[in-house]
1. Starting from the Cα of B:Lys734, draw a straight line to each of the aspartates and glutamates and keep only those under 14 Å, dropping any in the same chain fewer than 8 residues away.
2. Counting other beta carbons within 10 Å of each Cβ, put B:His31, A:His181 in order, fewest first.
3. Calculate the spin-label point distance for A:Asp216 paired with B:Asp53, positioning each point 7 Å from the Cα along the beta-carbon direction, and give it in nanometres.
4. Which cross-chain or sequence-distant (5 or more) residues have an amide H under 5 Å from the amide H of A:His85, H modelled 1.01 Å from N in plane?
5. By the scheme Lys and Arg +1, Asp and Glu -1, what is the net charge of all other residues having a beta-carbon under 11 Å from that of B:Val585?
6. Does chain B classify as rounded, prolate or oblate by the C-alpha gyration tensor (a ≥ b ≥ c root eigenvalues; a/c under 1.5 gives rounded; else a/b over b/c gives prolate, otherwise oblate)?
7. Taking Rh as the Kirkwood radius, which is the inverse of the mean 1/r over Cα pairs, what is the Rg/Rh value for chain A?
8. Starting from the 7 Å offset along Cα-to-Cβ, what nm value, one decimal, do you get for the label separation of B:Ala404 and A:Asp491?
Amino acid sequence: MRETITFVLNNRIETVSGLSGDTTLLNWLRQTRRLTGSKEGCGEGDCGACTVVIARPGKTGKTGKTGRTGETGRTGETGRTGDMHWHPVNACILFMGMLEGASVTTVEGIARADGSLHPCQQVMVDHHGSQCGFCTPGFVMSLFAAWCNGDGLAASAIDTTLAGNLCRCTGYRPIADAAAHLRPINVPPDFEAERRATEARLMKKIAHRDTVMLSDGRCRFVAPATADDFTAAYEQTPDATIVSGATDVGLWVTKGHARLPMLLWTGRVSGFDRMKKAGAYWQIGPAVNHAAAMDRLAKGRPDLAEVMRRFGSVQVRASGTVCGNIANGSPIGDLPPMLIALAAEVELSAAESNRVLPLEDFFLDYGKQDRAPGEYVSAIRVPVGAAPHFRAYKISKRFDQDISAVMGAFNITISGKRITSARFAFGGMAATPRRAPAVEDCLVGHPLTMDSFVTAATALEDDFSPIDDMRASADYRLQVAQNLILKYGMDMTGSAVPRLAGPQGVADIAALLEAG
Amino acid sequence: MPDQWPLEDTGTGSPDCTLGIAGDIRTPRRHDSAHKHVAGTAVYVDDIRTPDDTLIVLIGQSPHAHARITSMDLSQVAGAPGVVAVLTHKDIPGVNDCSPVHGDDPILAEDIVSYVGQAVFAIVAENMRAARDALPLAAVSYNALPAILTIEDAMRAGSWLGPAAVMENGDPDGAIAAAPHHLSGRIDIGGQEHFYLEGQAALAMPAEDGDITVYCSTQHPTEIQHKVADALGLASNAVTVETRRMGGGFGGKESQGNLPAILSALAVQATGRPAKTVYDRDDDFMLTGKRHDVRIDYHVGFDSDGRIRGAEFEQALRCGMSWDLSEAIAARAMCHADNAYHVPDMRVISHRCKTHTQSNTAFRGFGGPQGMLGIERVIDAIAHELDLDPLAVRRRNFYPHHTASAHGVTPYGQTVEDCVLQDIVDQLADDAEYAKRHTAIEAFNADSPVIKRGIALTPVKFGISFNTTFLNQAGALVHVYTDGSVHLNHGGTEMGQGLNTKVAQIVAHEFQIDFDAIKITATTTGKVPNTSATAASSGTDLNGMAAQAAARTIKTRMTTHLAGLHECAAEDVIFSDGMVRAGAVRLSFAEAVKACYMGRVSLSSTGYYATPKIHWDSSRARGRPFYYFAYGAAVSEVVIDTLTGENRILRTDILHDAGRSLNPAIDIGQIEGGFVQGAGWLTTEELVWDGDGRLRTHAPSTYKIPACGDRPMAFNVALFGAGENLEDTIHKSKAVGEPPLMLGISVLMAISHALQGLGSADYPMLNAPATPERICFAARRIGAAGFNAADRVPDVSGSGDGNNPA
């Protein structure tokens, strides 16, 4: 085991040791390295002012796309930039140990050797894209990642590319204009080709397959290299906190000010980042992030694609993982209701055991999951088969990067004019994500008519007694959940209501306006 | 609108200046720090390179909305590793107050706490981790007292900061009674968190003689200087406050910077080491005031054509636990109850509610937006009542055009002499094809049961000047060095609005030298004293004039000397194109400067400006508080889903009057940013306190400012081409900081129109912010199609429907 972390920072090799395992990249950059270009705006990965760009080795072909549906003008990044993909991430909730072997580029690291601005910086100057300037480095780095990947700069994709960066001054128009003028260049200019070559060379130079650890004696961050090491470490220290993308655990530290003695990272474990077909299921490993899972999970399920597009931001999806999202059991997580409606399963492993259970049975109560000591979520299994009647509705105050007030995911099968099965799952309606049995009872075996759905909507009151909180009142939650069942019914019975969210919503509205 | 405005100028001069210098007035000069912003080299307070022994300050906050402190044992905190000192009110040698005006904001609580989040003690530690770990070791006991949290609570209990104010013109009761139609109602308007991306931050450094230098993210360095001096028991001359830039202000750094600055300075005084106080986002939300939430009750009488005959508005503002700037904010809310509409017989009553919540403070518009929204709601409701297009009703009620034979007088007695709204609205309605789209939308709605569209055109008339007359003054300091470079300093602060850029353009224009020859420097109380806050949209009006005066003083001295030297008339000394001509002699600016230096001419000057013509009698709520008015209008079109309340802005067109713009790119930026901020206030941004007075939305995860995808899908913004300030302002420009925020009202009114597309005889009575929940319930209340369990229909027309769920 190595007790140092080695990574590339702005194309120089950095080696750190003796740091508390919960040290965040942002604090280290700003306080230790005195690189103050990356800013703290919120400390929870919501504002993007701390955005830096990370390239990781050994993820070829899997992390290539962030699955922006409806996007046009993709330039096919893999052929052009080789195997590398550059992810924007929130440095404020990224632990230092997660950098082992990676390359980090900050806003200080992208100008050319002669000091002149990078195109991603210059375009922001030219379009008056900064006012107070505090959010600007984060925007620049989100643009930089998109520019490097040749992805996410099409007109229909810009809002998604920038959804994880908040600006309070400009109203975004000049920034979006800047992005639109930042044409991806098929052949990187010399300065960039040189930067990338150096980056790849340095990453290769520091690559190794050992388990690493970062510790100051009070808090350890352990990054096992193999599954065996991982389970052994967890068995040995069952009170360790498993970390995948740290988009949740990071907040326990930065917001909850928790002092966690040991963090055990899934991200370095060989094979944990694999998403493979296993029979009729997609088997999603513990370290598969949302960006990597989206495209394949969403195939044939456009609603899942759109909800995942609204899920966090590019930054959050590049860090957060599918298994982590399930394991932490948020009552308002958006994935669980969708995956429950799709009849997904969760696989739990420990040193000597392995079991699989339906996802809806995993969530026991608020913050309590069916996970025994020593067990970890080793996979999520999602049926591969088509789900033509699957729909998902995310209701939140803001379309992009908001936590749902209510999340509804519905899936029926139809035979003739009759509903033969129904899986209705909700988030935000109870202490856990769960199904609505009374609603389902009103539908299964009943004719595919609006009347059936009206009856089902009424029955929802037997399934849920939601609560008031800062996101919505109980009354609204119930009302809108019932209305979602109606909307679903309209869709299934041939009079779908256009959606307002996302690129598809924009396209729907455009069509609507034309027709009107 | 992409490329509507030219990109960065290339130094070829401005369209209306015959001579060419780079970065002249009226050119779209980029922000002076743009290069540093994108490179990450622009320095904010928390970026300042500090000595290794710099300490940090963490505030221990009250968990109670209202309570008596019965005991406080901080010994364990003081003994915790890394903690250097713990401060309580007893450690304040001077005055325990950080308020801007009334002396009612304790720095650290003494025996009573008055809101959840109030500062009770301060930990001074080697680093933030040590301070965070020590925080839970504090043993503070409280006896909870009854808390008044909402406007409703305060009005019922008679909990006010001061007596209600009344503004009255004509005979409102008689005029209302005589009118053929009447309407009464209420609108509840939520508050707004500033959400400047950079939280409050201050760094204090010790100097000799016990002096202190404070680097602070503040709109008001002079006030910081005074409050730090008072708290530490120092003279003002012992405290220097410097502000290079803020990462956003929006009014939230007008008075709210006092607390972190004072605590940092107290820590310096206690330890002899540098100290900084940087709020994290959650602490910032919990500690600082916000835009006031307001309840407005209205009672109006009007004609069959929609002309308002008489009106009464009763405004109740939730001020929070102390005055802060609420008196002036409430006054501005009253002064904008008329917005653009001439109602000769009007009464405005203003209640300043005292509650056990954060002390609400300045926020872009300063009460104006809430005041305006009252009458915009009235216009919308009148149009619904009479089945008229709201735009027709608006036009019918505008103040007379400035060329009209008779001008209108506001409810506070100021004659509106510069109204250009007719021109703006006519042009905007044409350009945006309002009438055609209005018709198309109504046809669309008739055929679309769930999805409804709406459109609204709303005007803004916003008074420019501080309501508090004496604040309307400014100073500047200009040095010209012998190489021809210029050092510029003025009393205004840069928060992203481009003030420094505009003022430098003004000075470049005076000297006729390139923008880049002017060094913009940090605002500091050591150079320009006794300044006002950079607020009330006045930054350029005041400081631009002061800088111009300073430059002109130097220029006059140079002219006199060069005329003598080269034996020509003063009129024949001409500064142009980077050169100075003196009769037949042609010198570079630097040569001219050098010659003046050799001739023993002072090349440094202060400049000073005080706004003329204004006066205000607050006891009678009458006078001429505003030097002039800024005007603008917006058309917004929205689409809503009546089953869910989801909504989206389809298109917004804006025409705004920036007078003769000093910098069209910066002005457009203010308009776009202000509009989106205003739209956010009225749609996604919802502050929620629980029944114990605890703010539950205290981070971007729970408080939703607009994201990139929330800007209008089509967004066309233009400056009013014929705009020119009729008053003698700096190069005939108009202030542009606050007025555009209120263009966002068009979005709320468009949502109301979309709801009216349900065809109900009931008016939607939509409160703000129009979250999906409020829109869905408004639709349900007026009988939208869809599932409707009648026994759960709430009454959303009357008392607040959730602004403050208490």
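Please treat every number below as a calculation from the coordinates, not as lab data. Bear in mind that the values here come from a model prediction, so they are computed numbers and not experimental data. Here Cβ is always computed from backbone atoms with ideal geometry, including for glycine, and neighbour counts include all displayed protein chains.
1. Leaving aside aspartates and glutamates fewer than 8 places away in the same chain, those within reach of B:Lys734 are B:Asp418, B:Asp541, B:Asp657, B:Asp667, B:Glu724.
2. In order of increasing Cβ crowding within 10 Å: A:His181, B:His31.
3. Those two pseudo-labels are separated by 2.1 nm.
4. So A:His85 has HN proximity to A:Arg56.
5. -1
6. oblate
7. When Rh is taken as the Kirkwood radius, the ratio is 0.97.
8. For B:Ala404 paired with A:Asp491, the spin-label model returns 5.3 nm.
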